[in-house]
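Notes to accompany the following structure.
Just so it is clear, none of the values below were taken in a lab; they were calculated from the coordinates. Everything numeric here is computed off the predicted structure, so don't read it as measured data. When we count neighbours, we look across all protein chains shown, and the Cβ atoms used for this are built from the backbone with ideal geometry, even at glycine.
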């Protein structure tokens, strides 16, 4: 009896504390609102503006932050940046790839001239150098386009309007409105998105933003998502054009945002309980960015910084992958044996052992997942890429893929554990092994759960 009374008393105390926190939050919001409203009234009576710049800013904000036009304009603009990044990166990425892989032939010639053993050539050229060439050619062009565009919107004064628009949505999820800014950075690189979480003052909400940033696909995952979307649409209907595949990628991005909000809500109610902090944002005036400063910040401070981190962790991956693919135990390579062990679990969630192994070996850099997968299916000892999406689709179909496999490959690529660069960044930003491990386990658990659910539903309905 006494225990029941104590539990009831503790419940009432907890409820009273929650109500008091909410009242304090509402009171702070109202006080800040009244202060700014009164300041505007005084300024309107006492200040004479020599030009109409503030009036123009106000007129733009009435559209950009309106309930009707704010969201459509926001998503249209961010989609434009996204489209420019993907489209604009195609040619320079191919050019850079041709240059780097062309140099590989020179390195091979040098090793032959020097009389180096085949295993040394394999480790250093076919493993280490080829992996670095993949990472640089895939990552550098998109980042060199995305980060300047993102910095332009930031300096222009538009990104604070994005945070203003989405503040209520994130507040309902128990997170912070500024988290949308860190998510935007995550489109370029999740490691950069983690660093951008410093702009969130609340430690609790900063941790939520850090743990959920991986649900935004980075440019390292976009090549996989785009290729798999084309394979997925081709498996559903032969000859489907690229616009349908682009629609799949856009849908994947929306799924990532929805999962971010859902997981943020769960974290705010479990591991990171608390009332969302007050978000007072004074919108800066619109101003034209200085191009020189913009390029220095975006290229040197962001693009090169993130690329160097990726190169450092990708180099060992190339060596390890080559060794596993070329060292045999009995009549099978280590890669084949590992894939066999993972195959049972992979089939349960709508994938296979080679797919799971490709993601595990691709931990250092997401860019090498598809090349590793192709290497495994073709039983080759080096990472390579097929010359067309149709050739890739045929290879996958020959290895037992269905549209369900392609769909779950897309979902797993979107939701799975962060790359090594991002995990190292999480460790540096949080100074905690616990949160670093959770940053890997939470998205991995979400990826497995979603793929398992989709696979079981599709199979139960007899759609494959």
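Projecting label points 7 angstrom from Cα along Cα→Cβ for residue 437 and residue 459 puts them 3.1 nm apart.
Taking all C-alpha pairs of segment 70-460, those more than 32 Å from each other amount to 34 percent.
Distance distribution note for segment 117-271: the fraction of Cα pairs above 21 angstrom is 56%. Counting 0.36 nm for each residue step from residue 120 to residue 397 and taking away their Cα separation leaves a gain of 96.3 nm. Computed on segment 354-464, with alpha-carbon pairs under 8 angstrom and 6+ residues apart, the relative contact order is 24 percent. Stokes-Einstein diffusion for segment 90-193, with the hydrodynamic radius set to the Kirkwood value over Cα pairs and evaluated at 20 °C in a medium of 1.002 mPa s, equals 127 µm²/s. Length available on full extension from residue 452 to residue 46: 0.36 nm per residue minus the Cα-Cα distance, which gives 139.7 nm. The length gained on full extension between residue 428 and residue 390, counted as 0.36 nm times the residue separation minus their Cα-Cα distance, comes to 9.5 nm. The residue 61 and residue 198 beta-carbon pair, evaluated with R₀ = 30 Å, returns a calculated FRET efficiency of approximately 0.70. Please label the shape of segment 386-454 as rounded, prolate or oblate, based on the square roots a ≥ b ≥ c of the eigenvalues of the alpha-carbon gyration tensor (a/c under 1.5 means rounded; beyond that, a/b larger than b/c means prolate, else oblate). Oblate, because a/c is 1.5 or more while a/b does not exceed b/c. Oblate is the label for segment 307-464. Its Cα gyration tensor axes, ordered a ≥ b ≥ c, give a/c of at least 1.5 and b/c at or above a/b.
This ranking places 123, 216 by how few other beta-carbon atoms lie within 10 Å of each, fewest first, which gives 123, 216. When the alpha carbon gyration tensor of segment 162-240 is reduced to an equivalent ellipsoid, its three semi-axes come out at 31, 14, 9 angstrom, largest first. Expressed in Å, the radius of gyration and Dmax of the Cα atoms of segment 294-362 are 17.5, 57. Here segment 286-363 and segment 444-462 have alpha carbon centers that stand 24 Å from each other.
In terms of surrounding Cβ atoms within a 10 Å radius of their Cβ, 65, 321 rank from fewest to most as 65, 321.
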